[in-house]
Ligand SMILES: NC(=O)c1ccc[n+]([C@@H]2O[C@H](COP(=O)([O-])OP(=O)(O)OC[C@H]3O[C@@H](n4cnc5c(N)ncnc54)[C@H](OP(=O)(O)O)[C@@H]3O)[C@@H](O)[C@H]2O)c1
């Protein structure tokens, strides 16, 4: 009989956490998954602050996980610039804590990193390109990558791109920022065209992780949706998916337009290519436009009432 895995998820209250929790339950069974966060926004979440190694170790001792999905992070780039000590404590020390404990308790660690670790001087980045992080968010996440790689042999690092997922309630990023403006009645959206990236649908990302971690091909992987584009391209597609092309205009601007609000330095391109996943025949990510069409249904239901 195969071993019954026991799963611990940190940072599970966020936009990716919802999808990871659901996919983990599907795969391992509800009784074998425990989901934690510092923001207890669901009844299925319990408290775990990953900055606190004693609390983290206590979770290992009581739950005895064989697999840990370490999602916990501060993901707001401006917050990280203004609160660099907390960014380091949460994103870097938190990841160190995860790796130290995974090794001590012989658990498989899955760490989520970001396309933002590159400086954007190239148009697109393969798994083997050299990171050169710009701001505190990226630096602290890259530190996590390096520590996990140096400390463990049984680990996966998955780098995500522009995350989209979690819906109206949980999505803190681009899609929901655009949606909130539309919902508030905006007839014109100003969107940057000088930032390139790869949208990454949380449902695909979580589902793909569940498959890749069964391969035993440990290591670091870029894992984003297929395709890519600018923020402008994503906004145009989303407005179209909502059926609002005739009533909401999308106007191109440069990043300068938002330099007060989004003052953290961002790479001009954080477009990733899933080179390793593809070469090993384990790339399960769909095209971002297909994913966005699926995801947009949640927003259409909110906007027009359930269809
Ligand atoms: N969002 C993206 O575009 C993106 C892109 C690439 C990679 N990632 C990575 O993907 C992972 C999941 O992020 P996400 O997209 O789901 O973002 P998210 O919605 O911000 O989720 C992160 C969760 O971690 C929680 N958290 C913060 N500090 C914590 C601590 N000390 N202990 C435990 N939990 C803590 C957050 O709570 P609060 O809300 O209270 O802070 C939040 O619920 C992160 O590792 C992130 O770096 C995200």
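Could you grab me the full set of residues in segment 247-265 that are within 17 Å of residue 178 (Cβ to Cβ) and in a loop (DSSP other than H, G, I, E, B)?
Hits for segment 247-265 are 247, 248, 261, 262.
Being surrounded by fewer than 22 Cβ atoms within 10 Å (Cβ to Cβ), assigned to a helix (DSSP H, G or I) and out of contact with any helix residue (DSSP H, G or I) (no Cβ under 8 Å at 6 or more places or on another chain): is that true of residue 217 here?
no
Every residue in segment 138-159 that is touching a strand residue (DSSP E or B) at 6+ places or on another chain (Cβ under 8 Å), in a helix (DSSP H, G or I) and either modelled with pLDDT under 95 or more than 15 Å from residue 75 (Cα to Cα) (or both), please.
Residues satisfying the conditions are 145, 148, 149.
Inspect segment 233-242 for any residue being more than 16 Å from the ligand (Cβ to nearest atom), assigned to a loop (DSSP other than H, G, I, E, B) and either over 29 Å from residue 129 (Cβ atoms) or more than 17 Å from the chain's Cα centre (by Cα) (or both) and give the result as yes or no.
Taking every residue of segment 233-242 in turn, at least one turns out to be more than 16 Å from the ligand (Cβ to nearest atom), assigned to a loop (DSSP other than H, G, I, E, B) and either over 29 Å from residue 129 (Cβ atoms) or more than 17 Å from the chain's Cα centre (by Cα) (or both).
Report, by residue number, each residue of segment 160-193 that is away from the ligand (no atom under 13 Å from the Cβ), in contact with a strand residue (DSSP E or B) (Cβ under 7 Å, 6 or more places away or on another chain) and not in a helix (DSSP H, G or I).
187, 188, 189, 190, 191, 192, 193
Of everything in segment 251-267, what is crowded, with 17+ Cβ neighbours inside 10 Å and under 20 Å from residue 228 (Cα atoms)? Give them in sequence order.
Across segment 251-267, the qualifying residues are 266, 267.
Hey, does segment 229-236 have a residue that's loosely packed, with under 15 Cβ neighbours inside 10 Å and at pLDDT 95 or above?
No, there is no match, as no residue in segment 229-236 is loosely packed, with under 15 Cβ neighbours inside 10 Å and at pLDDT 95 or above.
Against the definition (in contact with a helix residue (DSSP H, G or I) (Cβ under 7 Å, 6 or more places away or on another chain), part of a helix (DSSP H, G or I) and at pLDDT 95 or above), how does residue 298 come out, yes or no?
For residue 298, the condition - in contact with a helix residue (DSSP H, G or I) (Cβ under 7 Å, 6 or more places away or on another chain), part of a helix (DSSP H, G or I) and at pLDDT 95 or above - is met.
Give the residue that is nearest to the ligand (Cβ to nearest atom), with candidates limited to residues of segment 28-49 that are more than 22 Å from residue 88 (Cβ to Cβ) and crowded, with 19+ Cβ neighbours inside 10 Å.
Among residues in segment 28-49 that are more than 22 Å from residue 88 (Cβ to Cβ) and crowded, with 19+ Cβ neighbours inside 10 Å, the one nearest to the ligand (Cβ to nearest atom) is 45.
Cβ-Cβ under 6 Å, sequence separation 6+ or interchain: first residue in segment 71-92 and assigned to a loop (DSSP other than H, G, I, E, B), partner modelled with pLDDT of 95 or more and more than 8 Å from the ligand (Cβ to nearest atom). Which pairs?
Between residues of segment 71-92 that are assigned to a loop (DSSP other than H, G, I, E, B) and residues that are modelled with pLDDT of 95 or more and more than 8 Å from the ligand (Cβ to nearest atom), the close pairs are 74/80; 74/87.
Determine which single condition residue 14 fails, assuming it passes every other condition in (1) within 14 Å of the ligand (Cβ to nearest atom); (2) surrounded by fewer than 22 Cβ atoms within 10 Å (Cβ to Cβ); (3) touching a residue at least 24 places away in the same chain (Cβ under 8 Å).
Unmet condition: (2).
Out of (1) surrounded by 15 or more Cβ atoms within 10 Å (Cβ to Cβ); (2) within 14 Å of the ligand (Cβ to nearest atom), what's the single condition that is false for residue 127?
It is condition (2) that residue 127 fails.
Among the candidates 129, 106, which residue alone is closer than 15 Å to residue 156 by Cα and outside any helix (DSSP H, G or I)?
106
The values are calculated or read from the model by the stated rules, or taken from the named source; none is laboratory data. Everything numeric here is computed off the predicted structure, so don't read it as measured data. Cβ: placed from backbone, ideal geometry, glycine included. Neighbour counts: every protein chain shown.
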